[in-house]
Amino acid sequence: MYYIRILALFLRVSVQEEMAYRSNFFISLLQSLLDLSVGVLSIVVLFSQITIIHGWNFATTLALLGTYLMISAIRAIVIGPSFESLVGLDGEIWTGRFDFTLLRPVPVQFLASFRRWRVLPTIDLFLGIGVLVVATTKLTQALTLAHVLTFLIALLAGMFILYAILLVFASCVFWSPGFLFTWVFDGIFQMARYPLGLYPGWARLILTWLIPVGVMTTVPAQALTGDIPFITLAGTVIIAVVLVVGASVLFQTGLRRYASASS
């Protein structure tokens, strides 16, 4: 309950900050609609020429797009803003404000991960849910409760994988403060909007095992359609757990390298 109260406080403060610039709502809405239009249009154009590619049809690819939009929105709502405030151009590591974070009576990783929120990306979250609902109505097979539960498990595992990867990239700043590692991830994450099967073998290897952004979206989309072996789902959950533990260890190791701005 202690951490829940802290999260609620972080959320309330973030909402107050964003509501000070209400015109941003319409800008965010326009940008979200444009991103959605481009994503859907690319799928429509692709499947206007063919009906299936590497086992993916229009409905399943649309489900993957909806999953990508949801995970991307969750990142923009809570995980991304927190890490940007830590390692961004005006981040705490660069400016020395991280000293004050270390003095607070709350675990540093918790603060670094969940302190800042953005409310406007909830537009993208609802749009992603809408795309997912439309995709389910076009699936050739019936949607069962087992499919939904499997999808939710895979989606949760995908979000933990996303968090772990961002934590790893953020931790790298302790070794090289002048390099914006999270910006590198932005370009790689864009590849998650397409099925893993569309990429060549070497790219699938990287997007599955090295930087598993493809697993975040492809596996939940396959789970929704029922086209996923149990071992794949279990492997995704195991990967998520291992990555979170490993990323936390790396972050704690990086903390010990941090030199106070006042020293």
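Quick notes on this one:
- Check on residue 77, buried (at least 21 other Cβ atoms within 10 Å of the Cβ) and either under 19 Å from residue 213 (Cα atoms) or among the charged types (D, E, K, R) (or both): no
- In the stretch 63-83, the residues that are more than 20 Å from residue 109 (Cβ to Cβ) and at pLDDT 90 or above form Cβ pairs under 6 Å with partners that are among the polar types (S, T, N, Q) and buried (at least 22 other Cβ atoms within 10 Å of the Cβ), at six or more places apart or across chains, as follows: 64/217; 67/217; 68/217.
Okay, residues lined up against (1) among the β-branched types (Val, Ile, Thr); (2) out of contact with any Pro (no Cβ under 6 Å at 6 or more places or on another chain):
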| position | (1), (2) |
| --- | --- |
| 70 | no, yes |
| 77 | yes, no |
| 88 | no, yes |
| 102 | no, yes |
| 112 | no, yes |
| 121 | no, yes |
| 140 | yes, yes |
| 155 | no, no |
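Rundown of residues vs (1) at pLDDT 85 or above; (2) closer than 13 Å to residue 69 by Cα; (3) not in a helix (DSSP H, G or I), yes/no style:
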site	(1), (2), (3)
127	yes, yes, no
178	no, no, yes
182	no, no, no
217	yes, yes, no
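- Cβ separations smaller than 9 Å between residues 6+ apart or across chains give the following pairs from the stretch 115-136 residues that are of a type in the set (Val, Ile, Thr) to residues that are in a loop (DSSP other than H, G, I, E, B): 136/143.
- When residues of the stretch 96-125 are limited to those that are of a type in the set (Gly, Ala, Ser) and surrounded by 16 or more Cβ atoms within 10 Å (Cβ to Cβ), the one farthest from residue 162 (Cα to Cα): 112
The values are calculated or read from the model by the stated rules, or taken from the named source; none is laboratory data. Just so it is clear, the model here is predicted, and its values are computed rather than measured. Neighbour counts run over all protein chains shown; Cβ positions are idealised from the backbone, glycine included.
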